[in-house]
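See structure below.
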Amino acid sequence: MSQTKGSSRRYPSIDLLSVSGRALIGCGNESNCRKLAVQLTLDPAVRSLSFVPALPLAGEQIEVGMLVAEHENGFVAYDIVDERVDRDIDTEGMLLIALDQHDITLRAVDTFSICAQPLAHRCERIWEHRGLEIAPHLGSRIKRALERDCLSIRELGHAVGKRNIIPIVSNLICKRILCTDLAIFPDLDAWVARRSDRLVENSSLSCRTAKSSSSKLGAPK
């Protein structure tokens, strides 16, 4: 099946933000691909995430084998350069053409960038709570508390009467019900909000993020 720019995306892929897709991430090994998938799943700015084995081009299937994430500005394929075989010039050229035809930008990443701290550790800490069971009434109270605005983790805990709210918030982030400022989580001053594809455009959220981050400049890590 051929596809040109601007057409609907119908290439075979695995939706990693679905329940079954997140389960695949959870059952994975400690490869860089899995670590990156966790980080992208938790990222408030990522609107969709898939593993794309191949892309159609001129009646052929061009091997891709990459995570493809949708951001505000479009789709990005993450080329994990130290976890793949080297490509020759022809293979590289066909890949670039296929990505371009599907409006996907190629971004090279490696172990250093994927495992950069403290973000990598914070994401893994959140992911550890993905299997936590949350009572339906508590989940409803949290959603109501965040219905109109984001709150700090501390404020949310007070609002729903939970002293140790971080594991609960972490679980709901893994389920993509909530999102947070990954730059400072699990600091109790980190904001938390109900997730929406419009979050990255929410100016009040951006202001709160900037305020929270600037307050930590110069603080001991």
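All of the numbers you see were taken from the coordinates with simple rules; none came from a lab. These numbers come from a predicted model, not from an experiment. Cβ: placed from backbone, ideal geometry, glycine included. Neighbour counts: every protein chain shown.
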- Could you give me the ³J(HN,Hα) list for region 94-106, computed from phi with Karplus coefficients 6.51, -1.76, 1.60 and θ = phi - 60°, whole Hz, x at Gly and Pro? 5, 4, 4, 5, 4, 4, 4, 5, 9, 6, 10, 8, 8
- Taking the Cβ of LEU146 as the centre, find all other residues whose Cβ is under 12 Å away and add up their charges (Lys, Arg: +1; Asp, Glu: -1). +3
- Rounded to one decimal in nm, the spacing of the 7 Å Cα→Cβ label points at CYS115 and GLN61 is 3.3
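What does the extension gain come out to for ARG141 and ASP189, with contour length at 0.36 nm per residue minus their alpha carbon separation? All intermediate terms of the calculation are to be shown ahead of the outcome.
Numbers: separation 48, 0.36 × 48 = 17.28 nm, distance 1.99 nm.
That works out to 15.3 nm of additional length.
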- With SER31 itself left out, Lys, Arg at +1 and Asp, Glu at -1 over residues whose Cβ is under 14 Å from its Cβ give -2
- Item | Estimated vicinal HN-Hα couplings, Hz - region 178-189 in sequence order (Karplus 6.51, -1.76, 1.60; Gly, Pro = x) | 10, 9, 8, 7, 5, 5, 10, 4, x, 4, 5, 8
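Suppose a student asked you for the relative contact order of region 87-177, using Cα pairs under 8 Å spaced at least 6 residues apart; what percent would you report? Can you show the working numbers first?
Numbers: 41 pairs, mean separation 28.5, N = 91.
Once normalised by length, the contact order is 31 percent.
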- Taking placed amide H atoms and a strict 5 Å upper bound, the residues 5 or more places from ILE80 or on another chain that come that close are VAL109
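If you stretched the chain out fully between LEU24 and ILE97, how much longer would it get, using 0.36 nm times the residue separation minus the C-alpha to C-alpha distance?
Values: separation 73, 0.36 × 73 = 26.28 nm, distance 2.93 nm.
Between LEU24 and ILE97, full extension yields an extra 23.3 nm.
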- Message: How far apart, in nanometres, would the label points at ALA108 and ALA45 be if each is projected 7 angstrom from Cα along the Cα-to-Cβ direction?
- Response: 2.1
- Item | Distance (nanometres) between label positions extended 7 Å along Cα→Cβ at ILE89 and ARG125 | 4.9
- Query: Local charge sum around ARG22 (other residues, Cβ-Cβ under 13 Å, Lys/Arg +1, Asp/Glu -1)?
  - Reply: +3
- Item | Amide proton proximity set for THR105, modelled H, under 5 Å, gap of 5+ | PHE75, VAL76, ALA77
- Integer Hz, Karplus 6.51/-1.76/1.60 couplings in order for region 134-151, x for Gly and Pro: 10, 4, x, 5, 6, x, 5, 5, 5, 4, 5, 5, 9, 5, 9, 7, 7, 10
